[in-house]
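What follows is calculated from the coordinates using simple rules that are stated; it is not laboratory data. Note that this is a predicted model, so its numbers are computed, not measured. So basically every Cβ, Gly included, is an ideal-geometry build from the backbone, and we count neighbours across all protein chains shown.
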Amino acid sequence: TQLLEQSPQFLSIQEGENLTVYCNSSSVFSSLQWYRQEPGEGPVLLVTVVTGGEVKKLKRLTFQFGDARKDSSLHITAAQPGDTGLYLCAGALGTGNQFYFGTGTSLTVIP
Amino acid sequence: KAGVTQTPRYLIKTRGQQVTLSCSPISGHRSVSWYQQTPGQGLQFLFEYFSETQRNKGNFPGRFSGRQFSNSRSEMNVSTLELGDSALYLCASSLVARLDQETQYFGPGTRLLVL
């Protein structure tokens with residue numbers, strides 16, 4: 001059983017559509033991060049959310065951290081083909097240096 | 001500023017062999033973490049080094065080991081390779097301490113295939 005479960009696992013949408021990716025856990029995290037990974041590359045950090053209930057916006061991407069700091073969501077508005085990739089949530093427990101990644105959501109945006 | 005580099009990028013080994021992977025962090029970064037990525041298990045934390053000391057270790061068998069040198073470069077070693085060790089091994093570096101509060105910069109990974 002993974003510590004951080006993401007849904008959906010796969011998502012294929014048309015350009016211009018909106019989508020939401022969920023990251024859930026039964027554990028409380030001090031913060032959660034979202035990454036995007038493209039084929040042949042390592043993950044790249046998109047955002048870190050720290051406070052329960054926090055909402056951060058990065059252009060067309062909106063990230064929310066749950067009030068109880070156990071879950072997070074990523075909403076993409078008007079998806080573009082350049083958004084295609086593997087989206088990963090991640091967080092640390094304890095001292096902050098044992099890091100856990102979510103199961104991942106593979107997004108394909110069709111032109 | 002150069003990014004995180006990993007060598008080699010691709011590697012083919014046979015069962016029972018051992019392998020050493022190398023990671024050069026971004027200049028000035030003192031923390032290096034290693035991860036294993038497979039289609040079935042996703043991205044899993046192997047271990048993290050800071051100033052030549054292993055601070056944290058994930059849930060992997062003792063066949064997986066690592067070390068960090070005084071210049072922050074790191075190596076990981078897998079002994080007695082098994083088919084299930086086939087994976088993308090990613091290295092990430094960060095400035096200092098808390099991985100949940102800092103940006104980790106990932107390298108492109110080493111793709112290991114065990115036959």
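Summary table below
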read-out: Translational diffusion coefficient (Stokes-Einstein; Kirkwood radius from C-alpha pairs) of the protein assembly as shown at 10 °C, 1.306 mPa s, in µm²/s; value: 88 µm²/s
read-out: Number of partner chain Cβ atoms within 10 Å, mean per residue of B:106-114; value: 2
read-out: Environment charge at A:Tyr22 (Cβ cut-off 13 Å; Lys +1, Arg +1, Asp -1, Glu -1); value: -1
read-out: Average beta-carbon neighbours from other chains, 10 Å sphere, peptide A:65-74; value: 0
read-out: 17 Å Cα-Cα reach of A:Lys70 towards lysines, excluding residues that sit fewer than 8 places from it in its own chain; value: A:Lys56
read-out: R0 of 35 Å, Cβ-Cβ distance B:Asn71-A:Glu38: FRET efficiency to nearest 0.05; value: 0.75
read-out: Whole-angstrom Cα spans of region B:1-57 along principal axes, big to small; value: 36, 24, 21
read-out: Cut-off 15 Å between beta-carbons: net charge of the residues surrounding A:Lys59, Lys and Arg +1, Asp and Glu -1; value: +3
read-out: Partner chain coverage, peptide B:34-45 - average Cβ within 10 angstrom; value: 4
read-out: Cα-derived Rg to Rh of region B:42-102, Kirkwood definition; value: 0.96
read-out: Ratio of Rg to Rh over region A:6-111 (Cα coordinates, Kirkwood Rh, two decimals); value: 0.96
read-out: Other-chain or far-sequence residues with amide H under 5 Å of B:Ser86's (modelled H); value: B:Val114
read-out: Ordering of B:29-36, A:64-71 by packing [mean C-beta count within 10 Å, highest first]; value: B:29-36, A:64-71
read-out: Among B:Glu75, B:Glu52, B:Glu102: highest mean-square fluctuation, GNM of chain B, C-alpha pairs under 10 Å; value: B:Glu102
read-out: For chain B, diffusion coefficient by Stokes-Einstein and Kirkwood Rh (Cα), 4 °C, 1.567 mPa s, µm²/s; value: 92 µm²/s
read-out: Reach of A:Lys57 by Cα under 16 Å, taken over aspartates and glutamates that are not fewer than 8 positions away in the same chain; value: A:Asp83
